[in-house]
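Report on the following structure.
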Amino acid sequence: MGRRTRAAVPLGIALDATGPDTLHGQIREQIRGAILQGRLACGARLPSSRLMAAELGCSRGTVLAALDQLVAEGYLVARAASGLSVARDLPDEMLAPAAVNAPSPATHPGPPILPERTKAILRPATGLEAPMSGAQLMAFPIGQPDRESFPFPLWAKFLERDWRRPVWDMAGSCHPFGHPELRQAIASYLGTARGFSCEPDAVVITSGVRQSVSLFARIVLEAGDQAWIEEPGYPGIAEALLAAAVRPVAIPVDGSGFAPAAALAAAPDARLAIVAPSHHFPFGTVLGLQRRLALLAWAQRTGGWIIEDDFDGEYRYTGRPLAPLRALDRAGRVAYLGSFSKLLFPALRLSYIVLPATLVPVAQTVMQRISAPAPLLGQGALARFIAEGHLISHLRRTRLLYAGRQQRLMEAVERHLAGLMTVVPDSGGMHVVARPVGDLASAFDDSIATAAVAATGVRVAPLSICYRGADRQHGFLLGYAGTPEHEIDPAVRILARVLEHMIPAP
């Protein structure tokens, strides 16, 4: 009596020779779908490839190509005595029969369930981000330097020279803190231009302020610790702290800037303060000497830390740039942040943090294990750009340029926005703050107004986005540094027309 074998199950495959998919692709997808939808049970034996080819009217090679792919993916297994059968170890929850008339999950997936922090990232743009590539908004982007004044031909030569014959250490595996020549150039520049000395070993090249803040917080704080931040302030600071599992505590600034006494009253156990003492964002307030000393005394007394964000301290139009807080630090409690993306061009994506000397050995290990280094391309060219004096020359040119643009903006505001918004000139920085006045102020919502202005091709940023609490001021941030002078007056005129239509009816 011969050996008894199980009969092969019918497959019910239908081929369409005129369809967009190949014949072996159609066979593969229909068998896979039958398995996932429960129509082919685990262990079920398939017909032979010759029989399938005869029934489908195609070559045996076409059938074998589909079956081999399913075997490779684990849906089918080959057994010497019985040919191919459906694998027995597929998870049961993936093999439930599909509901009648229900769309296939593989082809019509539902919306994913996202955590709140991801939803926050997906909310509409605030205007503080750089414009998307190809955007034609004419004015007034925040944090955007003038692009025409940057010496790109010289930059191209430095890039080419740096990578024509790269040093093997650079082309292979660079130090986690970044290009050594760039770190040396930054240390020398800070000693000359910003008035404090540091060792090149303490300079860490990063891809932006968020990485700098998050890295430092993960080094010095426990998860769940509190950190003081300025209210209002740059939203990226709070985002970086949250990414490091640190709780930001917003401390309202007053006419003299960040108030250490108010911070101690609000969160006495905080172990980190993040401030912009030379030029507060967004109001431009300068932190006075007494409060600077009080903040330093707090850090020394409690073992706390300070991050000094000097995002645009180089741009001061009356007198010399103010000495940074780091220059007053005698206890080694201040980390200093700087950015080249705002000074040169945003796509550079290079910033830096100067660590307190005691944290350098720890930071090297942390960088290697949890933080991706900044892109190396451009670091060597930037080192040469700084070392040969081109950065200082560029800053000298753009200080004059930006001071002139702020003056043109103030003149345009006086001509077109009188009675609508008030703008106070700033002694430094790259933007000014516009606040509604008169009838416009009674029901002004800067988020709605920002969207209305953007529809006309003018880019402004809402002031309210700089606040974390419910008590928010409304207005616009008008970045003038990256706005060509001939575009300033037409853009303000458009802004005025939009705002006139937003005045409530009497």
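Sites listed here are trypsin sites (Lys or Arg not before Pro) in region 267-331 whose DSSP assignment is loop and whose Cβ has at most 11 other Cβ atoms within 10 Å: R330. Treating r as the C-beta distance of V424 and R164 and R0 as 60 Å, the FRET efficiency rounds to 0.75.
Close amide H partners of A227, meaning residues 5 or more places away or on another chain with modelled amide H under 5 Å apart, are R247, V249. Counting Lys and Arg as +1 and Asp and Glu as -1 over every other residue whose Cβ lies under 11 Å from the Cβ of I274, the net charge comes to -3. In this structure, the amide hydrogen of G428, modeled 1.01 Å from its nitrogen in the peptide plane, lies closer than 5 angstrom to those of Y317, counting only residues at least 5 positions away or on a different chain.
Straightening the chain between A262 and Q407 buys 48.7 nm, computed as 0.36 nm per residue apart minus the Cα-Cα spacing. Helix 60-73 and the long axis of the chain differ in direction by around 50°, with both axes built from C-alpha atoms. With the simple spin-label model, which puts each label point 7 Å out from Cα in the Cβ direction, the E148 to T22 separation comes to 5.5 nm. Legend: calculated FRET efficiency, A372 to R493, from the Cβ-Cβ distance at R0 = 45 Å, rounded to 0.05, equals 0.50. For the chain, the longest principal axis of the C-alpha atoms and the axis of helix 485-500 are separated by about 80°.
With the helix formula -39500 (n - 2.57) applied to DSSP H stretches of n ≥ 4, the chain reaches a computed 222 nm mean residue ellipticity of -11500 deg cm²/dmol. Of the residues V286, I219, H501, the one whose Cα sits farthest towards the positive end of the charge dipole of the chain is I219 (charges of +1 on Lys and Arg Cβ, -1 on Asp and Glu Cβ, taken about the Cα centre). Maximal additional length on extending the A331-D439 stretch stands at 33.7 nm, based on 0.36 nm per residue less the C-alpha distance.
Report, to the nearest 10°, how far helix 23-36 tilts away from the longest principal axis of the Cα atoms in the chain, using its own Cα long axis and a range of 0 to 90°. Roughly 90 degrees, rounded to the nearest 10.
Taking R0 as 22 Å, what FRET efficiency do you get between K157 and S188 from their Cβ-Cβ distance, rounded to the nearest 0.05? Don't skip to the end; give the middle numbers.
Working: r = 22 Å, r/R0 = 0.98.
The value I calculate is 0.55.
Where does the charge balance sit around L420 when Lys and Arg score +1, Asp and Glu -1, over other residues with C-beta under 11 Å from its C-beta?
Working: positive: R435, R497; negative: D439, E500.
With Lys, Arg at +1 and Asp, Glu at -1, the net is 0.
Note on R247 and A451: their simple-model spin labels are 3.3 nm apart, each label 7 Å out from Cα toward Cβ. About its Cα centre, region 152-390 has a charge dipole of approximately 320 debye under the convention of +1 per Lys or Arg Cβ and -1 per Asp or Glu Cβ, with nothing else charged.
No value in this document is a laboratory result; all are computed from the given coordinates. Because the structure is a prediction, the values reported are computed rather than measured. Please note: Cβ atoms are built from the backbone with ideal geometry, for glycine as well, and neighbour counts cover all protein chains shown.
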